[in-house]
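One structure below.
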Amino acid sequence: MGFDADKFLNQSTDQAMATVMAPCPEGEYEALIENVEAFPIKDKNTGQERDDTLRLQVTWNIIDQALLESIDRPKITVRQSIFIDLDESGAFAHGKDKNVSLGKLRAAVRQNDSGPWSPASLVGAGPALVRVTHRPNKDDDSMIYAEIRQVTAI
């Protein structure tokens, strides 16, 4: 049995919905990488996808039991965005000042050695120590985003 759109659209509830989601508190926590996704970046002037960079979105699963108990949630995830420098062929750019954030992430999860490597290798990596900070939504002051600002090896 699959998803029934009509059934969903006609269901009712007598409960109010939450209007605010409490973000992960700021601080340093142990975490594992749960997922990795890559997204193209569009040029602000032309709207065309850029050939020289993309964004890697890393989803971290916070495994700090004390935190989970204190906020009464069974699971909490926080995202980290990393810009990836590409060379002319669309491969990882290497050299001075290229992919430093990715190098730091790889080092924190002990994957920054020479030899074959791909971003998919990050899934399940860790644990690492992540620093969570907050950023307000520029269009809605009631929305606060938790973000990973720093990752270090444990």
Any hit, the stretch 17-36, residues being out of contact with any Asp or Glu (no Cβ under 9 Å at 6 or more places or on another chain), among the small types (Gly, Ala, Ser) and not in a strand (DSSP E or B) = yes
task = From (1) touching a strand residue (DSSP E or B) at 6+ places or on another chain (Cβ under 7 Å); (2) farther than 22 Å from Arg135 by Cβ; (3) modelled with pLDDT of 95 or more, pick out the condition that doesn't hold for Arg55.
result = (2)
request  = Would you check if there is a residue in the stretch 100-114 being modelled with pLDDT of 95 or more, closer than 19 Å to Ile76 by Cα and surrounded by 18 or more Cβ atoms within 10 Å (Cβ to Cβ)?
outcome  = no
inquiry  = Can you tell me how many residues within the stretch 36-76 are more than 22 Å from Cys24 (Cα to Cα), among the basic types (Lys, Arg) and surrounded by 12 or more Cβ atoms within 10 Å (Cβ to Cβ)?
reply    = 2
task = Of all residues in the stretch 118-154, count the ones that are in contact with a helix residue (DSSP H, G or I) (Cβ under 7 Å, 6 or more places away or on another chain), surrounded by fewer than 18 Cβ atoms within 10 Å (Cβ to Cβ) and not polar (S, T, N, Q).
result = 1
Filtered residues of the stretch 19-71 (kept if touching a helix residue (DSSP H, G or I) at 6+ places or on another chain (Cβ under 9 Å), closer than 25 Å to Ala153 by Cα and of a type in the set (Gly, Ala, Ser)) = Gly27, Ala38
ask   = Taking the stretch 18-50 only, how many residues are within 22 Å of Gln150 (Cβ to Cβ) and among the charged types (D, E, K, R)?
value = 5
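The values are calculated or read from the model by the stated rules, or taken from the named source; none is laboratory data. The model shown is predicted, which means the values in this text are computed figures rather than measured ones. Every residue, glycine among them, receives a Cβ derived from its backbone with ideal geometry; neighbour counts consider all protein chains shown.
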